[in-house]
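Scroll down for the structure; my scribbles are underneath it.
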């Protein structure tokens, strides 16, 4: 699959995406990497929204192709999970205000304040509902057998990583299990389980870390899709709610999953700012997006992936372990 821009005074891009090989779009902010990725599948905003004509060859056909965009879950969930329970209570409170009290000044002011909160609630619903619907649709299309196989593969890679590090457990790498069961606001629409203490936890106490788990499960469902022979999957900034060790896990799992014969013909693009993701793949196509000041154009160059410091997090943990052992023995710690 190729994406290339036609004659443009401001943008010059030529990108190739291979089936079964991860393609990484990296670069500074506002360098068009996300818009280029969305242009592959026609998800707004595209390059055409910027007035730039482009072509994708072959153009994905809706019947034969799965076009799956996995957005940054953190941005939506962080606000939605935090304010949704409170806003639902506000909604119920507003409905309980008797009409006869509307003439009283205090009640009128309260009603205005609550109406404003309802507007916020509506914004949250508008953001959360499409996200949940996309995830639930991906689950329904997926082969349950392949889904289970890929999930098992994810935990196998987590076990290998935990053994490699030596001072953490699998539950530290993947501490939460998260599942969406329905639309936001419905009873028990989202369930969060802490694997370390084997207990369900209330949404009020959950951090945006659950976005990492939902992103991975959405990705697994897309790869396990049983209805389309070809798949274009774009994952936007998977590092946003992930620790460095989770980012390494993401890349290692994804590269192994793409080698799985049952997943079919998958064209996968990851947009990222993280060197842990970009350099944890063993053989990606890595494109660096930048603005060329000399020609006044946005450009892209294909880079050769190196492995300069993906083990930095692991080395840090090893140092913590070594320091703890020395201090435990009552010895002086060297600089």
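The values are calculated or read from the model by the stated rules, or taken from the named source; none is laboratory data. Computed from a prediction, not measured in an experiment: that's the story for all the values here. Positions of Cβ are generated from backbone atoms using ideal geometry, with glycine treated the same way; all protein chains shown enter the neighbour counts.
Tabulated values for the structure
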| read-out | value |
| --- | --- |
| When residues of region 255-279 are limited to those that are touching a residue at least 60 places away in the same chain (Cβ under 8 Å), out of contact with any strand residue (DSSP E or B) (no Cβ under 7 Å at 6 or more places or on another chain) and in a helix (DSSP H, G or I), the one farthest from residue 26 (Cα to Cα) | 262 |
| Hey, residue 180 surrounded by 14 or more Cβ atoms within 10 Å (Cβ to Cβ) and at pLDDT below 95 or not | yes |
| Matching option when the condition is surrounded by fewer than 22 Cβ atoms within 10 Å (Cβ to Cβ) and over 25 Å from residue 303 (Cβ atoms), among 261, 255, 240 | 261 |
| Residue in region 47-55 that is in contact with a strand residue (DSSP E or B) (Cβ under 6 Å, 6 or more places away or on another chain), under 13 Å from residue 11 (Cα atoms) and touching a residue at least 60 places away in the same chain (Cβ under 8 Å) present | no |
| Out of 140, 128, 118, sole residue that is modelled with pLDDT of 85 or more and either surrounded by 17 or more Cβ atoms within 10 Å (Cβ to Cβ) or part of a helix (DSSP H, G or I) (or both) | 140 |
| Selected residue (only one of 242, 282 is more than 17 Å from residue 21 (Cβ to Cβ) and either in contact with a strand residue (DSSP E or B) (Cβ under 8 Å, 6 or more places away or on another chain) or in a loop (DSSP other than H, G, I, E, B) (or both)) | 242 |
| All positions within region 151-168 that are surrounded by 15 or more Cβ atoms within 10 Å (Cβ to Cβ) and over 21 Å from residue 256 (Cα atoms) | 168 |
| Test: residue in region 310-326 that is modelled with pLDDT of 85 or more, part of a loop (DSSP other than H, G, I, E, B) and buried (at least 16 other Cβ atoms within 10 Å of the Cβ) | no |
| Filter result (within 18 Å of residue 289 (Cβ to Cβ) and assigned to a strand (DSSP E or B)) within region 1-24 | 2, 3, 4, 5, 11, 12, 14, 15, 16, 23, 24 |
| Counted residues, region 23-47 - those being in contact with a helix residue (DSSP H, G or I) (Cβ under 6 Å, 6 or more places away or on another chain) and within 15 Å of residue 302 (Cβ to Cβ) | 4 |
| Some residue of region 81-92 being modelled with pLDDT under 65, surrounded by 14 or more Cβ atoms within 10 Å (Cβ to Cβ) and under 17 Å from residue 212 (Cα atoms) | yes |
| Number of the condition not met by residue 284 [criteria: (1) closer than 30 Å to residue 192 by Cβ; (2) touching a helix residue (DSSP H, G or I) at 6+ places or on another chain (Cβ under 9 Å)] | (1) |
